Amino acid sequence: MAIREVRTEAGEVQVGTEECFQHLVEALSDRNPKVRRLAACGLGAAGDSRAVPMLIERLGDEEEEVRTRVAIALGKLGDCQAVPALIEAVNGVDPALHRAAIVALGSLNAGLDVLEKTLRSGDPADRVRAAVALGETRDVLAIDPLMRALQDDDPTVRARAREALEKIRESRVF
């Protein structure tokens, strides 16, 4: 396996090291939104749950792209400390963060009640995201709302609900 390195102002650091983690954490506060966005992505990919509290803080970043990348990173990290903040984001007024938080909750196998509520929302795109997220949970408790979604007026919602049910079925022994 090749050693991967990240270039920083201080030089190059090896990915997965404490030094790399610290550089990424520092970069979350950089004044450049591209740097903050990349730091969020890097922390999500690093898989170190120590980043969760710092990422949660960045859900309030002034830049939309940073906020959405932070939500996705929180989902990738798989740490349930992020669930309350992501539920708040789903219920909030920021449309881009709302969408990313739906996906992140599915990755965390969390917020089933919020995802079920979203599956009944007025926005077909949100219903599609919620169906996909419920499938990602692979939780049998998602079966009933997904079965109801098979009757949705929107064909894309119905298709994603079928796919989600299949994903749950494949992950369980029935």
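The values are calculated or read from the model by the stated rules, or taken from the named source; none is laboratory data. Keep in mind the model is a prediction, meaning the values are calculated, not measured. Because the Cβ atoms are built from the backbone with ideal geometry, glycine has one as well, and the counts that use them run over all protein chains shown.
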(message) Checking the structure you have, find out if any residue of the range 12-19 is at pLDDT 95 or above, among the β-branched types (Val, Ile, Thr) and surrounded by 13 or more Cβ atoms within 10 Å (Cβ to Cβ).
(response) no
(message) Can you pull out every residue in the range 73-119 that is within 16 Å of Gly44 (Cα to Cα), surrounded by fewer than 17 Cβ atoms within 10 Å (Cβ to Cβ) and among the hydrophobic types (A, V, I, L, M, F, W, C)?
(response) Cys80
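For Pro124, are the conditions met, namely being farther than 25 Å from Glu65 by Cα and surrounded by fewer than 19 Cβ atoms within 10 Å (Cβ to Cβ)?
Numbers: farther than 25 Å from Glu65 by Cα: no; surrounded by fewer than 19 Cβ atoms within 10 Å (Cβ to Cβ): yes.
Considered against the rule, which asks whether it is farther than 25 Å from Glu65 by Cα and surrounded by fewer than 19 Cβ atoms within 10 Å (Cβ to Cβ), Pro124 comes out as no.
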(request) Would you point out the residue of the range 78-87, among those that are part of a helix (DSSP H, G or I) and of a type in the set (Gly, Ala, Ser), that is nearest to Arg67 (Cα to Cα)? (result) Ala85
(request) Identify the residue in the range 30-54 that is buried (at least 19 other Cβ atoms within 10 Å of the Cβ) and over 15 Å from the mean Cα position of the chain (by Cα) and, among all such residues, is farthest from Gly75 (Cα to Cα). (result) Arg36
(message) Could you list, ordered by first residue, the pairs with Cβ atoms under 9 Å in which the first is in the range 108-131 and closer than 14 Å to Asp153 by Cβ and in contact (Cβ under 8 Å) with a residue 24 or more places away in the chain and the second is small (Gly, Ala, Ser) and assigned to a loop (DSSP other than H, G, I, E, B), at least 6 apart or interchain?
(response) Arg127/Ser121
(message) Can you tell me which residue is surrounded by the most Cβ atoms within 10 Å (Cβ to Cβ) among those in the range 140-174 that are at pLDDT 95 or above and not in a helix (DSSP H, G or I)?
(response) Asp152
(message) Quick check on my filter: what residues within the range 88-110 are aliphatic (A, V, I, L, M), under 20 Å from Arg50 (Cα atoms) and part of a helix (DSSP H, G or I)?
(response) Ala101, Ala104, Leu105
